[in-house]
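The values are calculated or read from the model by the stated rules, or taken from the named source; none is laboratory data. As the structure is a computational prediction, the values presented were derived from the model and not from experiment. Neighbour counts are summed over all protein chains in view; Cβ atoms, including those assigned to glycine, are modelled from backbone coordinates with ideal geometry. Each accessible area value is taken on the protein alone, full model and side chains, heavy atoms only, with ligands, DNA and RNA left out. Shrake-Rupley method; radii C 1.70, N 1.55, O 1.52, S 1.80 Å.
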Amino acid sequence: MNDEIAHAIAARLKNARFVLLIPGTNPDGDSVGSVCALRFYLETLRVPTAIFCPTPIQQNLAFLPGADEIKNDPALLAHSAVDTIIVCDAGDL
């Protein structure tokens, strides 16, 4: 990734109205950690976020900071404020 692309992504995230983060189906620790870390970062920018996962998070991952904020409600996909969706570490959706 070149600097121009990186700056464009950063600008898009800083100006987003609402970011929906998705770890993919049956996420492992890397996926859950990725979306939670990105959510914490976006919160420091004061960007509203939510995390949607189509399947429940495994109980052995519940200790990860922010894992308790992951929702399984598909209505998040149609949330009217969402203008940016980021899928992290997913082999398939």
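Worth a mention:
- In the stretch 1-29, the residues that are in contact with a helix residue (DSSP H, G or I) (Cβ under 9 Å, 6 or more places away or on another chain), within 16 Å of Cys88 (Cα to Cα) and open to solvent by 40 Å² or more (accessible area, probe 1.4 Å): Asp28
- Selection count, the stretch 54-69, where residues are in contact with a Leu (Cβ under 9 Å, 6 or more places away or on another chain) and among the hydrophobic types (A, V, I, L, M, F, W, C): 2
- For beta carbons closer than 8 Å, sequence separation of 6+ or different chains, a first residue in the stretch 2-20 that is under 24 Å from Val32 (Cβ atoms) and a second that is among the aromatic types (Phe, Trp, Tyr) and surrounded by 11 or more Cβ atoms within 10 Å (Cβ to Cβ), the qualifying pairs are Leu20/Phe52.
- Members of the stretch 56-65 that are open to solvent by less than 70 Å² (accessible area, probe 1.4 Å) and within 16 Å of Gly24 (Cβ to Cβ): Ile57, Leu61, Leu64
- For the stretch 30-55, residues that are assigned to a helix (DSSP H, G or I), free of Cβ contacts under 8 Å to residues at least 40 places away in the same chain and either of a type in the set (D, E, K, R) or surrounded by fewer than 14 Cβ atoms within 10 Å (Cβ to Cβ) (or both) total 5.
- Count of the stretch 71-90 residues which are assigned to a strand (DSSP E or B) and either of a type in the set (Lys, Arg) or farther than 25 Å from Ala11 by Cα (or both): 1
- Condition met for Ala16 (more than 12 Å from the chain's Cα centre (by Cα) and at pLDDT 95 or above): yes
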